[in-house]
Amino acid sequence: MSISSLLMAIVLAAIPLTLILAAVPAGLQTRRFTFSDDQRWRFAWRAAQIISLLTLSAIALALLLPDAGLHWLSDQPLRLTLLLLLSVMALVAVKFSRRYLAADPGFGRYLRWLLLTLAAVALVFISNHLLLFALGWIAISLALHQLLMFYPERPRAALAAHKKFLLARLAETSLLVAFYLLWQQHGTANIDTIISAYQASAALSLNEQIAAVLIALTALIKCAQLPVHGWLIQVVEAPTPVSALLHAGVINLGGFLLILFAPLFLQVAAAQWLVLVVAGLTTVLAALIMTTRISIKVRLAWSTSAQMGLMLIECALGMVELALLHLLAHSAYKAWAFLSSGSAVQQHVQQSLLIAPPAAARRWLPALIAAAGLVAAAWWFSVQLSAQLHTGIQPVSGWLLLALALTTLLVQRASGAWTLLLAAGLALAYSLLKILLQPLSGELSAALRPGLFSAADLWVSALFLLLFSVWWLLRYRAHWPLVQRLSLALFAGLYLDEWFTRITLRLWPARLPVRANPKQLAPHQGAKHVLASGRKEQLL
């Protein structure tokens, strides 16, 4: 190993170690060592600043010293990109926490588990060994559980943490079995060696196919896909910085897992279709359910579930560069959205009281034609640029979604040159960014990507058309009796979470706190009371 490679290894290892060391004084309180809340926060803030400098140093080493890239870090751009995202999330979360929780008596405990969660995520990002990767993955769930239980007296928070805890153990078991099968198949635990074996199409053994399915299952559980989504909706009871960290960072790890193991995942049809069906239906249903909710945080939570489903669909279609772009954009947006959710409440309520007249039917056809023209131009530009850079052509479902989104934009906004210019800019940005991010998402052979109008492509296209059609009915034909019944069912989340919660509590009971008159309820009635009160709180 060269000196520059050794320096890179030291810099990367220092990132989780810095966060772990800062977590010690953040939660330490003894007779000999006593820290004020301000001192605890300063430890956390310095740690966030240091890991940002370390991440920038690692990026500089990778750019300035060609031999600084470790031989095992073949997907170094992907990992460094996500480390940079993590460092930004750390700065934002720690900075916001001082104003939001500084007066809370559990502030030190909160900072400790926040830093340990960030350290575990960093460990996953830099790990090239299956065991270290799995240990980091497990540590994330355990540390995050403490954050979700920051207010243990809140019944819905306790219920969400209970379900999340059980689902995390299921996902970890799935991941460990998958890693064991891959280790047994290849005789090595080095992730880069394992992934390099799948860069070209090959006949896979039964163990490899099972491992791919288990990795897909792990990603679906991690990304809170239906019907195991309920905990994500209920964690809005946790402190706002925790919700921001969860929605903007931790939940994206399912996408990272599929991007990392894409060469294996895309060669197993069962794994690919498991994601296409579950994530596809989640995208449609979660996006529609979101439109029926009023609470800002609840809407954001449903939006996260839908966006995670869309990101996993992109992975299953071989569009890993688009999935990475989606991951980065979603993280930045959700961090801002959750941390500013309080100031957005009044504006949202005012807007919700205004009944917008339905767009005239005559506006849809010109908007559809204009959007189709812009998307066709963007597609032609993308084809030409892809030919120069020798990259694959994106499936048609992605372009269809862009056309439907631009059509909606042109209809709902005031017509004019500025709106048309905005739509053209979005189409151009879509074409450029997905190609420019391809070097960051890792190498993926064009032979592993589903072609145009493949069965997977047609399935996703049908889902997008269904989503657009039902959304249009809910928005512009809400007075129809059938649409009203559909809207009520969607508002109830199709009762999927109630069903899953009852099964979970029957298989693994939990003693949940009861907020109202707990003495009047027997211990076994706590869960039923939480379910009933949860449905009432949805109306608020």
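The values are calculated or read from the model by the stated rules, or taken from the named source; none is laboratory data. Worth saying up front: this structure is predicted, and the values here are computed from it rather than measured. Cβ sites come from the backbone with ideal geometry, for glycine too, and all protein chains shown count toward neighbours.
Would a scan of region 385-392 turn up a residue that is more than 18 Å from LEU465 (Cα to Cα) and either at pLDDT 70 or above or assigned by TED's automatic domain parsing to the domain that holds ALA244 (or both)?
Yes - at least one qualifying residue is present in region 385-392.
Out of (1) modelled with pLDDT of 95 or more; (2) not in a helix (DSSP H, G or I), the odd one out for LEU276 is which?
Going through the list (1) modelled with pLDDT of 95 or more; (2) not in a helix (DSSP H, G or I), LEU276 breaks only (2).
Of the residues in region 216-231, how many are hydrophobic (A, V, I, L, M, F, W, C), assigned to a helix (DSSP H, G or I) and out of contact with any Lys or Arg (no Cβ under 7 Å at 6 or more places or on another chain)? Step through it out loud before you land on a result.
Kept after step one, since they are hydrophobic (A, V, I, L, M, F, W, C), are these residues of region 216-231: 216-217, 219-221, 223-224, 226, 228, 231.
With the extra rule that they be assigned to a helix (DSSP H, G or I), the set shrinks to 216-217, 219-221, 231.
Remaining after also requiring out of contact with any Lys or Arg (no Cβ under 7 Å at 6 or more places or on another chain): 216-217, 219-221.
Here the count works out to 5.
Out of curiosity, is ALA301 at pLDDT 90 or above, under 29 Å from LEU486 (Cα atoms), surrounded by 24 or more Cβ atoms within 10 Å (Cβ to Cβ) and of a type outside the set (Phe, Trp, Tyr)? Talk me through it step by step, then tell me what you get.
Working: at pLDDT 90 or above: no; under 29 Å from LEU486 (Cα atoms): yes; surrounded by 24 or more Cβ atoms within 10 Å (Cβ to Cβ): yes; of a type outside the set (Phe, Trp, Tyr): yes.
When the stated conditions are applied, ALA301 does not pass them.
For the structure I just gave you, tell me whether GLU237 is charged (D, E, K, R), over 26 Å from LEU115 (Cβ atoms), buried (at least 20 other Cβ atoms within 10 Å of the Cβ) and touching a residue at least 60 places away in the same chain (Cβ under 8 Å).
no
Output the residues belonging to region 77-111 that are under 21 Å from ILE195 (Cα atoms) and surrounded by fewer than 21 Cβ atoms within 10 Å (Cβ to Cβ).
Those that are under 21 Å from ILE195 (Cα atoms) and surrounded by fewer than 21 Cβ atoms within 10 Å (Cβ to Cβ): PRO77, THR81.
Would you be able to say whether some residue in region 178-195 is at pLDDT below 90, under 26 Å from the mean Cα position of the chain (by Cα) and in a helix (DSSP H, G or I)?
The answer is yes; a qualifying residue exists.
Select from region 427-439 the residues that are of a type outside the set (Phe, Trp, Tyr) and surrounded by 15 or more Cβ atoms within 10 Å (Cβ to Cβ) and write down the one among them that is nearest to LEU400 (Cα to Cα).
ALA427
Residues in region 42-49: is at least one under 23 Å from the mean Cα position of the chain (by Cα) and modelled with pLDDT of 90 or more?
Within region 42-49, the subset under 23 Å from the mean Cα position of the chain (by Cα) is 48.
This time we only want the ones that are modelled with pLDDT of 90 or more, so: 48.
So far as region 42-49 goes, yes, one or more of its residues are under 23 Å from the mean Cα position of the chain (by Cα) and modelled with pLDDT of 90 or more.
Being crowded, with 18+ Cβ neighbours inside 10 Å and under 15 Å from VAL235 (Cα atoms) narrows it down to one of LEU148, LEU175, LEU114, LEU182, so name that one.
It is LEU148.
Starting from residues that are at pLDDT below 85 and crowded, with 18+ Cβ neighbours inside 10 Å, keep the ones in region 495-518 and report whichever is farthest from the chain's Cα centre (by Cα).
VAL514
Determine whether region 113-134 contains at least one residue that is modelled with pLDDT of 85 or more, outside any helix (DSSP H, G or I), within 30 Å of GLY187 (Cα to Cα) and not small (Gly, Ala, Ser).
yes
Right, SER141: farther than 25 Å from THR117 by Cβ and small (Gly, Ala, Ser) or not?
Spelling it out, it is not the case that SER141 is farther than 25 Å from THR117 by Cβ and small (Gly, Ala, Ser).
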